[in-house]
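Visitor: My questions all concern the structure below.
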Amino acid sequence: MITKDTRMVRIAALQSIPAGEGRVFLVEGVPVAIFHARSGKVYASQPDCPHRGGPLADGLTGGDTLVCPLHGWKFNLETGKGQNCSIQTYHVETDSSGYILMKWPQITGG
Amino acid sequence: MNAQNKQRLVVIGNGMAGMRAVEEILERGGAEQFQITVFGDEPYGNYNRILLSNVLNGSQDASDIFLNPLPWYARNNITLYAGVRAARINRNEKQITGSDGTTVYYDKLLIATGSSPFVPPIKNLYEEEKRLRHGVYVFRTLDDCTHIAGYAVKCKRAVVIGGGLLGLEAARGLLNYGAHVTVVHNMPYLMNAQLDAQGAAILQNTLERMGIAFRLNANTSKVLGEDAVTGLEFDDGTQLSSEMIVISAGIRPNTSLAAECGLTVERGIVADDTMRSVDDPNIYVVGECAQHRGKVYGLVAPLWEQAQTLADHITGRNLFAVYAGSRIATKLKVMGVELASMGCTEASDSQDEVVVYSEPKRGIYKKLIVRSNQLAGAILLGDSGKAAHLMQIFDRQSELPEDRTQLLFDIGPAASAPPLLEMPDETQICNCSGVSKGTLRKCALSGIRTVKGVMEATRAGMGCGSCRPLVKEIVEWACEGRLEEDPSVHYYVPGVPLAKPELVEAVLAQKLKSVSAVFNALADGKEDPGSKPGLASLLKTIWAGEYEDERDARFINDRVHANIQNDGTFSVVPRIYGGVTSPAQLRRIAEVAEKYEVPMVKITGGQRIDLLGIKKEDLPRVWKDLGMPSGHAYAKSFRTCKTCVGTEFCRYGLGDSTALGIQIEKRFQGLESPAKLKLATAGCPRNCSEAMVKDVGAVAVEGGKWEIYVGGAAGAHVRKGDLLCTADSHEQVLQMMGRFMQYYRENAKYLERTYGFLERVGIEKVRAVVVEDREGIAKRLDEAMQAGIDAYRDPWQEAHQTHTPHQFAEMITAEGTI
């Protein structure tokens, strides 16, 4: 079952994603797109565009906006909201040593 | 603000002008400022009077023409006195008295009383107390419509007095009730405000074929019949029998209320440029009852403009808003016959140039009146396909093309497109995103009033872009003149508020060499993702080798040097100069295709070999194994130079098109530009390599010369290139092509193909700069082009050393739980 408890998963050093770009990471068996904004903030979302499955990590970013590379659908990386539909976003942050951490649900047996 | 603190705004008149003004006021936050009360003569909400003729002829139901039904007023906290006529304005007390004794106080008053039908002096017209006799009607309101329709079914013959637009529409309506209809007009020809004699004769002929009879130059003096109407008598003594008479002889502004309270009234209630009465700063006037700069308007478009200015002013949103008058252009249908008319209908003196096309048999008549190379007036009858275009030219007072036929006829495939009004809502306008006319219309009506806003909301025009002019037209039409211009259409990219010349100037002056530097210096640090690739392209053009490349500003194709496909894989097109290959090259390509199990190998339209379906992580290895430079089939840059066999083997060849094509491609390969550049060389005018429909093409002609064509296209848009010049040698071809491309790189908008650029700038101007060097910049253009060429690096060299971390990674494994 999934409880309300969460734990942090260490993704990678921030420099492993070029500023302004995104990369797909396999986090505990789940692919997640992680973005390194030029402001220094990090964002995370589902990897595929809900429209036609475009690779979101290959999109252009600016501020907290993401543009899918296939047909230009736009999404807010903070809230996941888009013009026509939304994407799942996740909480990510960087720690003091420059590592990206992602909040992950605690799954317990049973 | 509570109700007590709000100002009281009273509107007299519940017609189109009054309510449009209220809508504009609400749109500017007026609900916070004003407690709004409306007096309306008719017991209904607000309806579209223009469509009354459709109600009469049965093509629309009365319920379809309401603009604001009664619940709209409640929703917006507007008190509506429907069916209560404002009887008196007391300016001292600032009080309105209604016909039922209601009194209301105002802080601001808006007079929108519209106009009433003009009834000419005819004997035996009235029953008593100015009430028209049974069988005699005016045609102005929904109630008039009902009465006319109710009576017409009992009549064999009907007469309409008045051969203007509304009269003809009424005649058409009556025809549907099975009556024999005669239109009586006191002028020598029909619709004299919109047509000239020749056009009117053609219209009359068309209408006669539909079954309507006409009597021109006829003044009605008397209605015949004692109890029931039996006919008319004219001032020459002749008579016409009829059981029914509809009077549609023009309108007169309703000004008596205003005149009685002491406001200046001439033809209408006199208003200043803010649409305020010249006598009282608390009283505004709008619509058909208003006189502005000596003019009274009876059409809908000027009312919209007046309402906007008034709303800006009354809400304090823009106290400097000014209504400067309207240029009248109308597009209408007279009994199903299309008509557009604007400006004057006759030449005013011998200096005016008159262009006429007349085809009476098909009911077509077109006339232009040109004054100082600007459009002073136009009539389009029977075919108004060019109406939107002409109205725009007329409104903006644009310079006209030398070839006037372009103004009257669509030359090319666009002619087959049906006019907007007739197009059903389901018609698909954007074939890339599957957006219909109805979707666009609804989106515009929902309040998005910019072309760009509608495109973004519906995704129309966001694909190949070829439908954009049509999308623009539909949005303009749906907004009925309330279109707002998005200022960003003039910017080079939407995220930096500067047009291209100003942007280039700022970039040079402030030495901005990276995309992030531009956002920081010129856009308050606000990054706009959609603007990044355009800025990157421009900076590379300006700074060449000095450009500070930031990879996140590039579209994914330019980060991994391949073209992204619908499944997230990529296509790889190696450079094959001039399309001339060898067995060894082909063997290598075949081996790579087998090794990486490439799902599709295809010959492209540009004579190259495309390996489709390659995984991102395989790209560097594929390039290494190919050992060929990038073909740039993914970038906004010089793409390919297609060639024909030319003199080498072809028995018709006049020039060595393969050698020239290879030279061109080696020189310009990979050169960034605002949009892709597809080139070709043809060894003779048979044009097998399609050089005349390329962005830049060279065609060999007899005598060792090459004709250079620019601005050709054969994609979403088809256009034959314009002849730039004829060159004597390969060197000269390379120089002229390079100079043209540099001029295009520096001056085109981002994503503007050469065909759009040529149509915008004009071949004469391009030729003057590039060939004749009239601006003295040829040398600088040549040098800038050379710098761009010198900055070229084959991007596939990144196979050996990646440029960014995990540049080609599909998926990276996270380090794990802490």
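Visitor: Given a cut-off of under 8 Å on Cα pairs at least six residues apart, what relative contact order in percent is computed for the stretch B:636-793?
Guide: Once divided by the residue count of the stretch B:636-793, the mean separation gives 19 percent.
Visitor: At a 10 angstrom cut-off on C-beta neighbours, averaged per residue, how do the peptides B:148-159, B:434-445 rank from highest to lowest?
Guide: The densest-packed peptide leads the list: B:434-445, B:148-159.
Visitor: Can you find, among B:Gly294, B:Ile283, B:Ile448, the residue sitting farthest towards the positive end of the charge dipole of chain B, where Lys and Arg contribute +1 and Asp and Glu -1 at Cβ?
Guide: Positive-most Cα among the choices belongs to B:Ile448.
Visitor: Non-local amide H neighbours of B:Ile269 (under 5 Å, H modeled in plane, Pro and chain starts lacking H): which ones?
Guide: Answer set, sorted by chain and number: B:Ala290, B:Gln291.
Visitor: Quick check on the protein assembly as shown: helices-only [θ] at 222 nm, where DSSP H runs of length 4 and up contribute -39,500 (n - 2.57) each and the sum goes over total residues. Nearest 500, please.
Guide: Helix contribution divided over all residues of the protein assembly as shown: -7500 deg cm²/dmol.
Visitor: For chain B, what is the percent of antiparallel DSSP beta bridges, rounded to the nearest 5?
Guide: In chain B, approximately 65 percent of DSSP beta bridges are antiparallel ones.
Visitor: Only four residue types carry charge here, +1 at the Cβ of Lys and Arg and -1 at the Cβ of Asp and Glu. Report the dipole size of chain A about the Cα centre in Debye, rounded to the nearest 20.
Guide: 100 debye
Visitor: Relative contact order of the stretch B:100-234, please, whole-number percent, based on alpha carbon pairs below 8 angstrom and at least 6 residues apart.
Guide: After rounding, I find 21 percent.
Visitor: Under 5 Å between amide hydrogens, which residues at least 5 positions from B:Cys344 or on another chain qualify, with H placed 1.01 Å from N in the peptide plane?
Guide: Long-range HN contacts for B:Cys344: B:Gly377, B:Ala378.
Visitor: I've got another one for you. So which lysines pass the test for B:Lys442, namely a Cα distance under 28 Å, with those fewer than 8 places away in the same chain ruled out?
Guide: A:Lys74, A:Lys81, B:Lys331, B:Lys333, B:Lys386, B:Lys452, B:Lys472
Visitor: Then there's this: Name the aspartates and glutamates eligible as straight-distance cross-link partners of A:Lys103: C-alpha to C-alpha under 13 Å, and not fewer than 8 places from it in the same chain.
Guide: Output for A:Lys103: A:Asp5, A:Glu28, A:Glu93, A:Asp95.
Visitor: Moving to a separate point now. With a ≥ b ≥ c the root eigenvalues of the C-alpha gyration tensor of the protein assembly as shown, is it rounded (a/c under 1.5), prolate (a/b larger than b/c) or oblate?
Guide: Note, shape of the protein assembly as shown comes out prolate.
Visitor: Relative to the Cα centre, what is the charge dipole magnitude of the protein assembly as shown, using +1 at the beta carbon of each Lys and Arg, -1 at the beta carbon of each Asp and Glu, and rounding to the nearest 20 debye?
Guide: 960 debye
Visitor: Return, ordered by residue number, the residues of the stretch B:794-817 whose backbone nitrogen is under 18 Å from a label point located 7 Å along Cα→Cβ of A:Gln88.
Guide: Under 18 Å, as judged by backbone N against the label point of A:Gln88, lie B:812, B:814 of the stretch B:794-817.
Visitor: Ok, one more. Restricting things to alpha carbons, find the Rg to Rh ratio for chain B using the Kirkwood radius for Rh.
Guide: Radius of gyration over Kirkwood radius for chain B works out to 1.07.
Visitor: Which order do the peptides B:58-70, B:85-97 take when ranked by the mean count of other beta-carbon atoms within 10 Å per residue, highest first?
Guide: With the highest mean Cβ count within 10 Å placed first, the list reads B:85-97, B:58-70.
Visitor: Test of understanding: what is the full-extension gain from B:Asp395 to B:Cys650, defined as 0.36 nm times their sequence separation minus their Cα-Cα distance?
Guide: Length gained between B:Asp395 and B:Cys650: 86.4 nm.
Visitor: May I pose another question? Given 0.36 nm per residue, what is the gain on full extension from B:Glu485 to B:Val580 after removing their alpha carbon distance, in nm?
Guide: Result: 29.3 nm gained on full extension.
Visitor: I'd like the FRET efficiency for B:Asp143 and A:Ser39, computed as 1/(1 + (r/R0)^6) with the beta carbon distance as r and R0 of 51 Å, rounded to 0.05.
Guide: Step by step, r from the Cβ atoms, then E = 0.20.
Visitor: Residues with amide H under 5 Å of B:Arg140's amide H, sequence separation 5 or more or different chain, H placed in the peptide plane at 1.01 Å from N; which?
Guide: B:Cys145
Visitor: Straight-line reach from B:Lys222: which lysines fall under 17 Å, measuring Cα to Cα and dropping same-chain residues less than 8 apart?
Guide: B:Lys123, B:Lys130
Visitor: Using +1 at the Cβ of each Lys and Arg and -1 at the Cβ of each Asp and Glu in the protein assembly as shown, identify which of A:Val67, B:Val354, B:Trp304 lies farthest towards the dipole's positive end.
Guide: A:Val67
Visitor: Rounded to the nearest Å, what's the spacing between the alpha carbon centres of the stretch B:81-103 and the stretch B:260-276? Just the number, please.
Guide: Each part reduced to its Cα centre gives a spacing of 19 Å.
Visitor: Measure out, as a whole number of angstrom, how far apart the alpha-carbon centroids of the stretch B:184-216 and the stretch B:521-588 sit.
Guide: First find each Cα centre; the distance between them is then 63 Å.
Visitor: Please give the peptides B:671-680, B:311-320 ranked by average Cβ packing (other Cβ atoms within 10 Å per residue), highest first, as a rough proxy for protection.
Guide: B:671-680, B:311-320
Visitor: Something else now. I need the shape label for the stretch A:2-107. Rule: rounded when a/c is under 1.5, else prolate if a/b > b/c, else oblate, with a, b, c from the alpha carbon gyration tensor.
Guide: Here the stretch A:2-107 falls in the oblate category.
Visitor: Over 21 Å between C-alpha atoms is what I'm after, so list which of B:Lys540/B:Lys642; B:Lys636/B:Lys694; B:Lys676/B:Lys705 land there.
Guide: From the list (B:Lys540/B:Lys642; B:Lys636/B:Lys694; B:Lys676/B:Lys705), the Cα-Cα distance tops 21 Å for B:Lys540/B:Lys642; B:Lys676/B:Lys705.
Visitor: Put a dot 7 Å past each Cα toward the Cβ at B:Ala714 and B:Asn217; how far apart are the dots in nm?
Guide: According to this spin-label approximation, the distance is 6.1 nm.
Visitor: Which one of B:Leu56, B:Leu70, B:Leu132 has its Cα pushed farthest toward the positive end of the charge dipole of the stretch B:1-137, where Lys and Arg give +1 and Asp and Glu give -1 at the Cβ?
Guide: Most positive-ward Cα: B:Leu132.
Visitor: Further question on the same structure: Whole-Hz ³J(HN,Hα) for each residue in the stretch B:613-622, computed from phi via Karplus 6.51 cos²θ - 1.76 cosθ + 1.60 with θ = phi - 60°, x for glycine and proline: what do you get?
Guide: 3J(HN,Hα) across the stretch B:613-622, in whole Hz: x, 8, 6, 4, 6, 7, 3, x, 5, 4.
Visitor: Cα centroid distance between the stretch B:326-400 and the stretch B:715-747, in Å?
Guide: Measuring centre to centre over Cα atoms gives 37 Å.
Visitor: Still on this structure, please answer the following. What does the extension gain come out to for B:Lys361 and B:Ile763, with contour length at 0.36 nm per residue minus their alpha carbon separation?
Guide: Full-extension gain reported as 140.9 nm.
Visitor: So what's the net charge close to B:Leu216: Lys and Arg +1, Asp and Glu -1, counting the other residues with Cβ under 15 Å from its Cβ?
Guide: -3
Visitor: Still on this model: What is the average number of partner chain Cβ atoms found within 10 Å of a Cβ in A:26-33?
Guide: Whole-number average of other-chain Cβ neighbours for A:26-33 is 3.
Visitor: Mean-square fluctuation check for chain A, GNM, Cα pairs under 10 Å: which of A:Tyr90, A:Tyr99, A:Tyr43 is largest?
Guide: Ranking A:Tyr90, A:Tyr99, A:Tyr43 by mean-square fluctuation puts A:Tyr99 first.
Visitor: Could you work out, residue by residue across A:54-64, how many beta carbons of other chains sit within 10 Å of that residue's beta carbon, and then give the average as an integer?
Guide: Rounded to a whole number, the mean comes out at 6.
Visitor: Can I ask one more? What does the charge dipole of the stretch B:142-224 about its Cα centre add up to, to the nearest 20 debye, if the Cβ of each Lys and Arg holds +1 and the Cβ of each Asp and Glu holds -1?
Guide: 360 debye
Visitor: For B:523-536, what's the mean count of beta carbons from other chains sitting within 10 Å of each residue's beta carbon?
Guide: 3
Visitor: Something else about it: Pairs of alpha-carbon atoms within less than 8 angstrom and 6+ residues apart define the contacts here; what relative contact order does chain B have, in percent?
Guide: 6 percent
Visitor: Quick check: from the Cα gyration tensor, does the stretch B:268-329 come out rounded (a/c under 1.5), prolate or oblate?
Guide: Because a/c hits 1.5 or more and a/b fails to exceed b/c, the stretch B:268-329 counts as oblate.
We did not get these values from a lab; they are worked out from the coordinates using the rules stated. Remember, it's a predicted structure, so these values are computed and weren't measured experimentally. Cβ: placed from backbone, ideal geometry, glycine included. Neighbour counts: every protein chain shown.
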